[in-house]
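The values are calculated or read from the model by the stated rules, or taken from the named source; none is laboratory data. Note that this is a predicted model, so its numbers are computed, not measured. Cβ placement follows ideal geometry from the backbone for every residue including glycine, while neighbour counts extend to all protein chains displayed.
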Amino acid sequence: MLIKDTAICLRTTDYSETSQIVTLFTRTTGKISAIAKGAKRPKSAFDGPIEILSFGQIVFSDTGGDKLATLTEFQQKSLFTCTTNNLFALNCSLFAAELLNSLTHDYDPHPELFDSFLRFLQHTNEMRDAKYEQRELLSLLILFQLTLLREIGLMPVLNACVNCRTSHQPPVTGDKIYFSSSANGLVCGDCEASFPDRIGLSKNAIDCFTNTRLIAQAQDGTLKEIEKALIHHFTEILHKPPKMAKHILKS
């Protein structure tokens with residue numbers, strides 16, 4: 001059965017001298033793995049080798065079971081047109097693609113997540129010039145990561161202590177609030193001793209977690225603090241560090 005859909009390429013692997021295996025995140029079908037026969041030939045149905053972060057309409061044959069689907073058409077266009085002017089922008093896009101691939105299941109559609117990922121890539125591409133600060137790009141990445149966690153049902157509790165349910169109003173001077181991946185959310189100073197993996201957060205980071213509209217205007221240091229906590233959380237969820245995380249943390 002041939003299926004038409006809209007897709008973004010998350011991953012590519014060479015299968016032979018002329019063919020590729022691709023992982024595609026589609027809007028209505030969800031994530032699929034497919035073989036693109038002859039994709040690397042000079043003249044193919046895919047306008048050349050399929051590239052990661054490419055986007056467009058696809059047609060594929062779903063064989064069912066654990067077998068690879070067969071990609072028959074892909075009208076691909078790149079969602080990232082620059083790889084040199086702003087390497088951090090490219091790294092953010094690749095990191096988001098890695099997380100999406102690792103945290104979603106095959107044939108489990110998330111149309112709103114697809115739309116969010118597409119917007120993220122489009123906005124990141126608009127900021128591909130070196131004049132854009134890392135702060136602006138990092139804020140986009142954080143907002144997408146929170147959307148990803150919410151859409152797959154793993155959103156941490158960020159408005160109260162996950163253990164005692166104490167509301168996180170702006171903490172008074174001297175109070176400390178933490179993020180714990182094992183608790184899946186924020187924990188207060190009275191509960192933090194029960195969670196050895198806790199990470200202390202500043203008031204500014206807590207304010208951004210509890211009101212995500214503040215993230216776009218947050219300072220660079222605050223955004224890096226939030227991203228460090230999120231990368232720790234993804235590492236715990238996946239039981240290993242995401243490969244692209246090191247390119248985000250070191251920047």
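Within the stretch 193-229, being among the basic types (Lys, Arg) and surrounded by 20 or more Cβ atoms within 10 Å (Cβ to Cβ) holds for one residue alone: ARG198. Just so you know, in the stretch 55-103 the residues that are under 16 Å from the mean Cα position of the chain (by Cα) and assigned to a loop (DSSP other than H, G, I, E, B) include one that is modelled with the highest pLDDT, and it is LEU79.
Scoring TYR15 on the criteria (1) over 18 Å from the mean Cα position of the chain (by Cα); (2) at positive phi leaves a single failure, condition (2).
Restricted to the stretch 193-207, and to residues there that are part of a helix (DSSP H, G or I) and among the hydrophobic types (A, V, I, L, M, F, W, C), the residue that is farthest from the chain's Cα centre (by Cα) is ALA193. Scoring ASP190 on the criteria (1) part of a helix (DSSP H, G or I); (2) surrounded by fewer than 17 Cβ atoms within 10 Å (Cβ to Cβ) leaves a single failure, condition (1). Could you tell me whether LYS40 is touching a Pro at 6+ places or on another chain (Cβ under 7 Å) and surrounded by 15 or more Cβ atoms within 10 Å (Cβ to Cβ)? Taking the combined requirement at face value, the residue satisfies it.
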